[in-house]
Amino acid sequence: MKTETQNLEELANRDYKYGFVTDIDADSLPPGLDEDVVRAISAKKNEPEFMLEWRLKAFRHWKTMTEPTWAFVKYPEIDYQAISYYSAPKKAGEGPKSLDEVDPELLKTYEKLGIPLKEQEILAGVVAVDAVFDSVSVATTFKDKLHDLGIVFCSFSEAVQNHPELVEKYLGTVVPHTDNFFAALNSAVFSDGSFVYVPKGVRCPMELSTYFRINAANTGQFERTLIVADEGASVSYLEGCTAPMRDENQLHAAVVELVALDNAKIKYSTVQNWYPGDKDGKGGIYNFVTKRGKCAGVNSKISWTQVETGSAITWKYPSCILQGDNSIGEFYSVALTNNKQQADTGTKMIHIGKNTRSTIVSKGISAGEGQNTYRGQVKILKGADNARNYSQCDSMLLGDRCGAHTFPYIDVQNPSATMEHEASTAKIGEDQIFYCQQRGISAEDAVSMIVNGFCKEVFRELPMEFAVEAQKLLGISLEGSVG
Amino acid sequence: MLEIKNLHAQVEDKPILQGIDLTINPGEVHAIMGPNGSGKSTLASVIAGRDEYEVTGGSIDYKGKDLLDMEPEDRAREGVFLAFQYPVEIPGVSNMYFMKAALNAVRTHRGESEMDAMDFLAWVKERAKLVQMDESFLKRNINEGFSGGEKKRNEIFQMAVLDPSLAVLDETDSGLDIDALRIVSDGVNALRNENRAVLVITHYQRLLEYIVPDKVHVLYDGKIIRSGDRNLALELEEKGYGWIEQEAAEATR
Ligand SMILES: Nc1ncnc2c1ncn2[C@@H]1O[C@H](COP(=O)(O)OP(=O)(O)O)[C@@H](O)[C@H]1O
Ligand SMILES: [Mg+2]
């Protein structure tokens, strides 16, 4: 007789669908990290002096720090001297001006991932893609359209070259180079990332989208993204990731900074599907990310939506600093852990301004031996009169070898605050699965359907095309959870 | 259509069904009656293929195939439908979405093309009328916040949408008031035809006044101890299950 646990295990034992390695010559630095490496990165990127200084400051600070250990995750010690801090696909002369100039190997890779760039270009004006491959942008589309509106959407390196004043003004204003161990490391060595600036009063007419992909073995991936929405501006940004199969664990320490000025709105959506490691927990990405948004102006709004199905280890707390009066912060999250995956994720909402509001909806799904931790902090500072927070943390367990943990921290320093907190834990029922099977739906599809239903409140926050992708991803990630 | 022979089944090592023989032909409606705990739902679960119920002997032939050898979803796709005694709730999944997935799974299995959104909508709306179900229920999550009666009605609606060859209705009457009972029965009667077999499981004779069976079987302690026509149901109602227990006791003496 099959038990639920056995069933779940069978479903969990499928191979990662996106496991393959693209054969591209990488122009890499040898492993190791010291000031010379930092200087070399900066020189390779032909950066102005202020960037080098900033990197060096960060590096010197990083050397004084130790890796945090408070998260509910376990992993072997990382040797930061064994990592190569720079790798870029070889380019002939300048970067490609159109997709035709892009390495066909790379395009093939994207095709396998189901990201038909060519098609996206034809589907004019729906999504602009700034495809990042191993830390350096190789294909950017729809730039002209955005350019006409004064919107800057480019790789971080290009922004450093073409808009140094914007970079200098906003870099590190939300996540300072001293912020935490991983953010400091990133500040010292980041190789590229995305940059967005939406000028005053402009509503970006399309979703800005970037696909990240990690390729070269043993290359730490250090992305840096900076998005600034000037007064009255609004923008929706999509980040999506998939990675080929690897045996070594790969470190990923990204930083994302969002700045919303008066009456500005930023919506940042992530669907993250990095290689989670095999069923024994071998391989997979260590994802230590610092994501933070600052609602600097009045009536501004920052909304994070994330669907996390990949990575061996996820350490990630997209947060909002609600500084402007009446500003709004939102966090909608689905985190799925299967096999030996570990996720410690959540958010921080720091209420500083008056009448600030925040909403947290977190859905954690654990299957196999996955460990899923929600860690959230809501802080209402003294001056934040009439602040309001609503938090909802739901967990779903598939099988009985996985775990769900919730650590909500609340710090209220102003008595006029209104706080609401709801939490639930559900076990996906054999009776629910059987009900679906009795209607002709396979057990696997049933699990996917039930889990998707559980995540509905988060998925409806995602832009349409992403919502569909997210649902498919959950299905893929749960394959093997029931038989 | 369905031929059950000497079926034995247990749950958690406890024998429940102890030699069931039952044959149902296309177009027939059979009723199974019996006291609580006699094994009615167990029989339904075994037919539908629920894992926890282990078949320890006997066979079930369905349309010439070995039913016990099939996965539950394949049984469903081959036209076996179970209206559950306790339908589950599935939060966040709409009835409409669920029925579309189910219907298309069945159609794909039959080698038919998937129904497109427009045709599907027209089809479910038509079927919803059979059980006088308000269209708003289509958009609601499966059984979430439904009253007991609404859940049962939803089961018959799903049966109407999926158009099964063999329908097993497990105490569909329990929890229904008299009006709902009539509506649900009318729905089932409208679905009666010469190709479809129906097995109605009930505790009470009342349902059988509305859904008139061709045959009635009395299940007691995992065995069918008596079979007859609809008058057996009336007799049972009159004399109570005590009468059957006595008969059973005498029979084993
Ligand atoms: N999942 C189960 N686990 C343990 N015992 C069960 C289970 N299902 C049914 N039983 C037992 O099997 C017997 C028959 O139950 P059931 O088939 O539900 O009867 P009925 O539907 O006729 O009321 C009862 O004694 C019941 O307690
Ligand atoms: Mg029963």
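The values are calculated or read from the model by the stated rules, or taken from the named source; none is laboratory data. Computed from a prediction, not measured in an experiment: that's the story for all the values here. Reconstructed Cβ throughout: ideal geometry from the backbone, glycine too, with neighbour counts over all protein chains shown. Keep in mind that these areas ignore ligands, DNA and RNA; they rest on the heavy atoms of the full protein, side chains included. Shrake-Rupley method; radii C 1.70, N 1.55, O 1.52, S 1.80 Å.
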Seminar exercise, completed: Rounded to the nearest whole number, the per residue volume of the convex hull around the C-alpha atoms of segment A:324-483 in Å³ is 106 Å³
Exercise. How big is Rg to Rh over segment B:163-215, alpha-carbon atoms, Rh as the Kirkwood inverse-mean-distance radius?
Worked result: 0.93
For this session: Return an integer: the convex hull volume of the alpha-carbon atoms of chain B, in Å³ per residue.
Result: 125 Å³
Seminar exercise, completed: To the nearest 20 debye, segment B:75-234 has a Cα-centred charge dipole, built from +1 on Lys and Arg Cβ and -1 on Asp and Glu Cβ, of 240 debye
For this session: Would you mind giving the mean number of other chain beta-carbons within 10 Å of the Cβ of each residue in B:65-78, as a whole number?
Result: 3
Problem set entry | Shielding score for A:453-462, defined as the mean number of other chain Cβ atoms within 10 Å | 2
Exercise. In peptide B:91-97, what is the residue-averaged number of other protein chain Cβ atoms found within 10 Å of each Cβ?
Worked result: 5
Exercise. How much accessible area per residue does segment B:38-148 have, in Å², with a 1.4 Å probe?
Worked result: 45 Å²
For this session: Please turn the phi angles of segment A:232-239 into ³J(HN,Hα) values with the Karplus equation 6.51 cos²θ - 1.76 cosθ + 1.60 (θ = phi - 60°), one per residue in order, whole Hz, x for glycine and proline.
Result: x, 8, 8, 7, 10, 10, 10, 10
For this session: Could you order peptides A:440-448, A:332-340 by the average number of other Cβ atoms within 10 Å of their residues, highest first?
Result: A:332-340, A:440-448
Exercise. Do the alpha carbons of any pairs in A:K267/A:K379; A:K301/B:K151; A:K145/A:K348; A:K427/B:K215; A:K472/B:K151 sit beyond 32 Å of each other, and which pairs?
Worked result: A:K301/B:K151; A:K145/A:K348; A:K427/B:K215
Exercise. From the cross-link list A:K265/A:K456; B:K5/B:K100; A:K169/A:K316; A:K294/A:K456; B:K5/B:K129; A:K74/A:K363, which pairs have alpha carbons spaced over 29 Å apart?
Worked result: B:K5/B:K100; B:K5/B:K129
For this session: Rank by packing, highest mean first: peptides B:138-147, B:163-172, B:215-224, with packing defined as the count of other Cβ atoms within 10 Å averaged across residues.
Result: B:163-172, B:215-224, B:138-147
Problem set entry | Protein accessible area in chain B, 1.4 Å probe - carbon and sulfur % | 44 percent
Problem set entry | Where trypsin sites (Lys or Arg not before Pro) fall in DSSP loop in segment A:353-442, at most 13 other Cβ within 10 Å | A:K382
For this session: From the P(r) of segment B:1-151, can you give the percent of Cα pairs sitting at distances over 29 Å?
Result: 29 percent
Seminar exercise, completed: So the B/A interface buries, both sides summed and with a 1.4 Å probe, an accessible area in Å² (nearest 100) of 2300 Å²
